[in-house]
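The values are calculated or read from the model by the stated rules, or taken from the named source; none is laboratory data. Remember, it's a predicted structure, so these values are computed and weren't measured experimentally. Methodologically, a virtual Cβ is constructed for each residue, glycine included, from the backbone with ideal geometry; neighbour enumeration extends over all protein chains shown. Areas reflect the complete protein model, heavy atoms only, side chains present, ligands, DNA and RNA absent. Shrake-Rupley method; radii C 1.70, N 1.55, O 1.52, S 1.80 Å.
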Amino acid sequence: MGLFSRITDTASEVSGHAALTKDIRKAVQGGDQEAAATFRTGTLAAALTTKGCNARGQEVADYVEKVVAKDGDSRRAGWLNR
């Protein structure tokens with residue numbers, strides 16, 4: 001893998017996680033209590049470290065479980081499907 005590929009892959013990861021972070025903030029500002037209680041991992045940690053990526057993945061799974069437990073279905077978590 002060349003240096004250019006590594007740089008573009010990293011930029012894509014940061015961009016994708018930044019968009020997800022923005023969506024998380026919108027959900028929280030919109031009153032989504034499950035999102036507020038679940039998401040803690042920052043953009044750079046999620047994009048640049050294995051630990052952060054794994055943590056964010058677990059947060060997504062936990063969030064969906066909380067939404068299903070409260071709402072009875074996962075429709076409210078649909079914003080995660082970009």
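In this view, the solvent-accessible surface of residue 62, computed with a 1.4 Å probe and all protein chains in place, comes to about 50 Å². Rolling a 1.4 Å probe across the protein heavy atoms gives the chain an accessible surface of 66 Å² per residue. As a ratio to 2.2 N^0.38 Å, the alpha-carbon radius of gyration for segment 1-44 is 1.50. Heavy-atom surface analysis with a 1.4 Å probe gives the chain a carbon and sulfur content of 56 percent of its accessible area. Phi-derived couplings, Karplus 6.51 cos²θ - 1.76 cosθ + 1.60 at θ = phi - 60°, listed residue by residue for segment 62-67: 4, 4, 4, 4, 5, 5 Hz, with x used for Gly and Pro. Computed about the Cα centre, the dipole magnitude for the chain is approximately 180 debye when only Lys and Arg (+1) and Asp and Glu (-1) carry charge, each at its Cβ.
Taking only the alpha carbons of the chain, we obtain Rg and Dmax values of 14.1, 47 Å in that order. May I ask for the distance between the Cα centers of segment 1-45 and segment 59-76, given as a whole number of Å? Segment 1-45 and segment 59-76 have Cα centres separated by 19 Å. Candidate cross-link partners of residue 22 among the aspartates and glutamates, defined by an alpha-carbon separation under 19 Å and a same-chain spacing of 8 or more, comprise 13, 32, 34, 59, 62.
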